[in-house]
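Inspection log for the structure reproduced underneath, given as structure tokens.
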Amino acid sequence: MSAPMAVPLSWMLALSGVVFVIGLIGVLVRRNALVIFMSIELMLNAANLAFVAFARQLDSLDGQVFVFFVMTVAAAEVAIGLAIIVNVFRLRETVYVDEINLLKG
Amino acid sequence: MTLPLLWIIPALPLGAVALSLLLGDRLGRRGTAWLACGAVGASFAFAVRAALALAARPEEGRSITEVAYRWMQVGDFSANVAFLLDPLSAVMILVVTGVGFLIHVYSTGYMAHDPSFRRFFLYLNLFMFAMLTLVLADNLLLLFVGWEGVGLCSYLLIGFWYTKPSAAEAGKKAFIVNRIGDFGFLLGMLALVTWTGSLQYDALFSAAPQAFVAGGIAITVATLLLFLGATGKSAQIPLYTWLPDAMEGPTPVSALIHAATMVTAGVYMVARCHSLFQLAPISLEVVAVVGAATALFAATIGLAQNDIKRVLAYSTISQLGYMFMACGVGAFGAGIFHLMTHAFFKALLFLGAGSVIHALSDEQDLRRMGGLAKKLPWTHATMLVATIAIAGIPPFAGFFSKDEILHGAFASGHYGVWAVGLLGAILTAFYMFRLYVLAFRGGSRVSHEAEHHLHESPPSMIVPLFVLAILSLIGGWIGLPFQRGGHPFERWLEPVFGAGGAHGTMRPLSPMIEWLLIEVSVVAALLGIVFAFRAYLKDPSLATRLRERWPAVHRMLVHKYWVDEGLDALVVMPLYRASQRLWRFWDEKIVDGAVNGVGFLFEGFSVGLRLFQTGFVGTYALFLTLGAVALLLHFLRQ
Amino acid sequence: MTPLIDVDWWALGPGLALSGGAMLLMLLEFVPAGRNSSRGALVALASLLAAAACVWRVHEVKRALFDGMFVHDTFTVFFTLLFCGIAALSVLLSWDYVKRMRINQAEYYALLLAATLGMIVMSASNDLITIFLGLELMSLALYVLVGFRRSRLESNEAAMKYFLLGAFASGFLLYGIALLYGATGTTHLERMAAFLAGSPLLSNPLLLMGGLLVLVGLGFKVAAVPFHMWTPDAYEGAPTTVTGYMSAGAKAAGFAALLRLALVALPDLQASWKPVLIAIAALTMTVGNVTALLQTNLKRMLAYSSIAHAGYVLVAVVAGGNEGAAAAVFYLAIYSLMNLGAFGIVALLGRDQDEPVLLSDLAGLGFKNPALAFALTIFMLSLGGIPPTAGFMGKFYVFRAAVQAGQIPLVIVGVLNSVVSIFYYLRVTVALYMEEPAGEPTAVSRSIPAVIGVVVSLALTLWWGLQAHALLEQAQRSVLGLM
């Protein structure tokens, strides 16, 4: 295999930042709980991307290992999140967060 | 000499509370009454024993500290549940337990038909415990425990008849106003502990002169903060409005808490911290001015009130003003002296008023009283004693203490304060005799129904009145100058306030001026009394009969009547109207407005903040993001 | 790298005991037990006890496990014991509550143990990644616990909100960790501090942004304004015992992580984070207290109150240094106890599945049930910081530390706030003693374990009010581990 293409760190960070902000905006503007949740996953993956990029830059394996931890956590989060959202849908027949505000004030 | 077991004095009422809670209604009314009065009576006995033990010691040994319990210890800072017996706290415990005991006995009669008899004595005993902790504490922190405790009990007792909305409202108001004072007190304590490292009196007072620059900003701010706390508890300008409203509570409560004991806690605290205040002359001036202003101001309002208890409430505020005036001019001993005599005659006035209210089936309006002297002979006689005492006529108790204060003000060169105090004395005599005349003299204006039930109160109520009347008469005699260099009471307090402390900053006056001062104040009091009789003791029926029988005398009477009218038109009515206007405008609009305003303001904020809490996930996420962005912007600006 | 055989198994004991307990609970489900069996609670209590015993056995030694990612020091010991205590009290309070509410017991207690383990990991982590893992373990368990009353709309809604916002905040936290990793080349707290010491890179934007995002993530967990908005909804909707548990445990865990991070890893950044924390502390106290003023729902009121208490702890964190950190730890312990007690009493109210939590539901209880009313009054006085209760001591030390650190304006805001707060705490007392119930006074459950739980909290609240220095010494010792 030839030498890896030298993608500068700043590019990867910029991509990670863009993905993070897309996720952030998704959380803020979308109204469907599932889509919001997917946006949050985007934010986590942006962090993963940053980890990998830094690990490459620093020439250390730590960051790459952390990504596996984060992926595991995210998977657990998916399991629990979907269960909660499905349960909400069962009772209310909606997952639109702007229709769910019994608790307020 | 064995130590006088100080802890038992507050512990006895607390034990009664615990017992009453444990036994519940099995105790019955008689049992409850015996338990409550017995505990306080025993406290009084122990207080007497402690005071005697103290008096038996040589003068320089008259300070006994008893550590009941190590409370906390952090590094060099420690605070204990420790009690301090010195001449000052001895006076306080005697007053609190003595007057408290009499009021407990009185209450067994007054509250005899109340369905919440047990609850009443529970709160009352709890109050005694807190108040005794307050005055016996040997550090500011423990004093604060008592301070909060009495506040809580006061709140519970003002709202005792909570089904009355006005009572609940009054409790709430007392609560809010006192919080403002506590805020000052807490900050003051924090300031003191930061600079001196201790809140224990001895350590604090001995460290203060080194820790603070005399007259500097730090000590001035710290003492002013303490004084803010005192104005809240002792109902001084600007935090006095809660006290008149507190009259919604049962009358014995007004006598015990809102006249004789709790409201004097502020005075006690200032006197206790006198060495701090002496380091801050500006604070002392503030204390004097606020005291004098309150004394005069509350007296003018007292002129126009028709509710018997409200007259007494404003009178209490005014008298507390005198005590602060004394502290402010450096005459701490005189302030404590007045505190003591005031406890006697004001408790008596309230209890007497309670007896009147009781007799008239809960009528409190002076305009529907009159001519009660014959119907309630005992109440009348004792009330008269108290009224003379507060008016400041020798040889009754109030004369000595008030004269002492005015003397202190004059001798320390506070001529303005002295003049205000003198004016206040005239007004005091006037409104007190107005109350007396309207209630007891003249023709009866009592409604028929009340007239029908009119009766003198039971012995359980009359006996305490009688004891207090004796105290109001002779209580001031310990202030007679038997020897030069201070009278016995002042000599007693000397170990606390320092030798000649009461006169330390004062120029000695020549005997002639002293006599002149005394005469002026007596004349002032007499003037007020004469005005009051003239203005309120008009007897139209007598006038008619006399006119028919002796037409010649009639003219004179008319003439006399004209004098009254003139007096009315020239002096009384303007004062009355001004007072009424002042009350309506200042008290109800400005001060009440401010207190309610603070409440509304916070409630408004609360409503506003709740609007943000929409219940939508989107809003919450947005605020979270906005917070993060705000932090980011903050860092970018750096 | 430390060979695995050198692991101090006692120091690792809490993790083993709690995860073992959780698994045992799940396995035991193969042997069905009746709805009224107390098996779950007993197993949970036993494993909590085992965890506490393990860590107590080695409470005087300092250990670094797993390449220093997990440390066992006085700080860890203090918080492990605190979390075990909080969880044990919660088990006692839940004992009959879960039966009454028809909650699946094995799952409930297993999740409780998992969350406790997460908290312990958070306080013991010496590495950002383990902090993250602990936080997620705790949060994931709590998301489920909050929504445990599946058939209730409120419980569901609370779980969804808590979950979405919690995951959102986790995103911030994780990104912050990534940036800190990039800026310093490590996620290990001590190495990070070593890297930063004397480094000219203190104003590196990556570093500052990383720290900021981590602060957002932890601020969310401790419910600091403006990251607090989930709190009232989640607390109100959750089963009451869960509310009590998370209000005490999750907050303490968040602060444990924050303290370790601030004191071990980023002390050199003090100049940057102090002004920010001051603003957050002042806002947190004020918003929490003022919004609580008009609440009519007891749980919601206590939720806002818990926000305000986070503010007081932040005051101590701002004060910094040994004293400030000790005051924060001290306050957290006291706050946990009194808050658990208050929620425990709320959990006692009501019959069967209904849950009366309005202030007006308390009317008349003062005389119908004097012991309960007395206990609730003490908890309220303590939360309001009135002497001689523990809450007063907590506030006293916090404000004292802050005054000594020269944070006078913040202290003034704090004292003003605690004065305002007494107003709504006393509304509870007023409701108890001075209001007439509309109909029958609220029924009160007489569960013995719950009563034991309340009595223990009450006794400690009073005891620490009278005799605080033992606890304070422990708190001071605990933060020495960080210095």
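Nothing in this text is a laboratory measurement; each read-out follows from the coordinates by a stated rule. Because the structure is predicted, anything quoted here is derived from the model rather than measured. Here the Cβ is made from the backbone with ideal geometry for all residues, glycine too, and neighbour counts use every protein chain on show.
General remarks:
- C:S445 versus C:L462: modelled label distance in nm, points set 7 Å from Cα along the beta carbon direction: 2.5
- Between the listed residues B:G15, B:V263, B:F117, the Cα displaced farthest toward the positive end of the dipole of chain B, a dipole computed from Cβ unit charges relative to the Cα centre, is found at B:F117.
- Taking the convex hull of Cα positions in chain C, its mean projected area over all directions (nm²): 21.1
- Between the beta carbons of C:T296 and B:A419, assuming R0 = 60 Å, the FRET efficiency works out to 0.65 to the nearest 0.05.
- Cα long-axis angle, helix A:33-58 against chain A (0 to 90 degrees, to the nearest 10): 20
- The largest-to-smallest principal axis extents of the Cα set in the range B:241-348 are 42, 23, 20 Å.
- Basic side chains Lys and Arg get +1 at the Cβ, acidic Asp and Glu get -1 at the Cβ, and with that the dipole of the range C:1-88 about its Cα centre reaches some 340 debye.
- If R0 equals 25 Å, the separation of the Cβ atoms of B:S510 and B:A214 corresponds to a calculated FRET efficiency of about 0.20.
- Cα centroid separation, the range A:43-77 to the range B:598-632 (Å): 34
- Environment charge of A:N48, counting only residues whose C-beta is closer than 15 Å and scoring Lys/Arg +1, Asp/Glu -1: -3
- Taking other residues whose beta carbon is less than 11 angstrom from the beta carbon of B:A255, and scoring Lys, Arg as +1 and Asp, Glu as -1, yields +2.
- Size of the protein assembly as shown as Cα extents on the principal axes (Å, biggest first): 137, 63, 58
- Taking every lysine pair in chain B that is 8 or more places apart or spans two chains, those with Cα atoms closer than 13 Å amount to 4.
- Cα centroid separation, the range B:411-440 to the range B:515-532 (Å): 9
- In nm, spacing of pseudo-spin labels at C:N104 and B:L454 (7 Å Cα→C-beta vector): 8.1
- Net dipole in debye of chain A [+1 Lys, Arg Cβ; -1 Asp, Glu Cβ; about Cα centre; nearest 20]: 240
- The range C:1-62: C-alpha gyration tensor shape, a/c 1.5 cut-off, then a/b vs b/c: oblate
- Between B:I470 and B:E59, the contour length at 0.36 nm per residue exceeds the alpha carbon distance by 145.0 nm.
- Net charge of neighbours whose Cβ lies under 11 Å from the Cβ of B:S444, counting Lys and Arg as +1 and Asp and Glu as -1: +4
- Sum of -39500 (n - 2.57) over DSSP H runs of 4+, divided by residues of chain B (222 nm, nearest 500): -24000 deg cm²/dmol
- Sorted by Cβ neighbour density within 10 Å, fewest at the top, the residues C:M119, C:M246, C:M434: C:M434, C:M246, C:M119
- Comparing mean-square fluctuations of A:E41, A:E77, A:E93 from a GNM of chain A with C-alpha springs under 10 Å, the top value falls on A:E93.
- Cα long-axis angle, helix C:390-404 against chain C (0 to 90 degrees, to the nearest 10): 30
- Helix axis angle, C:469-480 relative to chain C longest principal axis, alpha carbon, degrees: 30
- Over chain B, volume per residue of the alpha carbon convex hull, in Å³: 202
- Within a straight-line Cα-Cα reach of under 30 Å, C:K274 can be paired with the following lysines, leaving aside sequence neighbours fewer than 8 residues apart in one chain: C:K62, C:K221, C:K251, C:K395.
- Two-site FRET efficiency, A:E93 against A:V29, from Cβ-Cβ distance with R₀ of 30 Å, rounded to 0.05: 0.85
- For the range B:51-67, 3J(HN,Hα) per residue [Karplus equation, 6.51 cos²θ - 1.76 cosθ + 1.60, θ = phi - 60°, Hz, x = Gly/Pro]: 5, 5, 4, 5, 5, 6, 7, x, 4, 6, x, 7, 8, 10, 10, 10, 8
- When both the range C:259-292 and the range C:141-173 are represented by their alpha-carbon centers, they are found 25 Å apart.
- Based on the Stokes-Einstein relation at 37 °C and a viscosity of 0.692 mPa s, and on the Kirkwood radius from alpha carbon pairs, the range A:31-92 is assigned a translational diffusion coefficient of 254 µm²/s.
- Cα-projected label distance for B:L601 with B:L527, points at 7 Å along beta-carbon direction, nm: 4.1
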